[in-house]
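Presented below is the structure to which this report refers.
The values are calculated or read from the model by the stated rules, or taken from the named source; none is laboratory data. Here the structure is a predicted model, which means the values were calculated and not measured. Neighbour counts are summed over all protein chains in view; Cβ atoms, including those assigned to glycine, are modelled from backbone coordinates with ideal geometry. Accessible surface areas use protein heavy atoms only, side chains included; no ligands, DNA or RNA. Shrake-Rupley method; radii C 1.70, N 1.55, O 1.52, S 1.80 Å.
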Amino acid sequence: MAAAGKALISRTVQRYGLNPTNAEPITFGSRMTIWLPEKAWVGFTPRQKKSIEAFMSSNYANWGIGVGQVSDGEVQLDRLVVEH
């Protein structure tokens, strides 16, 4: 399931024309966070969301998933939707 989450992140980056670095989590406060377009997150099925959570959980002890609007190929850091 973690591999499916990583693949979904990569497809999302391509679909929204994001800078390729958006496919990798970044440090946000004390946790590693993957930032995704809010529009994409809202459209994901519960299973797709769980696959992204599985990817993050398999790689980081302290992680989160954040969403924001897209501007100039970057996701604006708006809010966390999952904190672990």
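I26 exposes around 70 Å² of accessible area when a 1.4 Å probe is run over every protein chain in place. In the context of the full set of protein chains, the chain has a per residue accessible area of 56 Å² (1.4 Å probe). Working note: 222 nm ellipticity from helices only, DSSP H runs with n ≥ 4, each -39,500 (n - 2.57), summed and divided by the residues of the chain, gives -12500 deg cm²/dmol to the nearest 500. Backbone geometry of region 28-42 corresponds, through the Karplus equation with coefficients 6.51, -1.76 and 1.60 at θ = phi - 60°, to 3J(HN,Hα) couplings of 9, x, 9, 10, 7, 10, 9, 10, 10, x, 4, 4, 5, 4, 4 Hz, x marking Gly and Pro.
Taking label points 7 Å from Cα along the Cα-to-Cβ direction, Q76 and I26 give a separation of 1.5 nm. Taking the Cα centre of the chain as origin and assigning +1 to Lys and Arg Cβ atoms and -1 to Asp and Glu Cβ atoms, the resulting dipole is close to 340 debye. Positive-end ranking of I52, P37, G64 along the dipole of the chain, with charges on Cβ about the Cα centre, is headed by I52. What the Cα convex hull of the chain gives, in volume per residue, is 78 Å³. Among A61, A40, A23, the largest mean-square fluctuation in a Gaussian network model of the chain, built with springs joining Cα atoms closer than 10 Å, belongs to A61.
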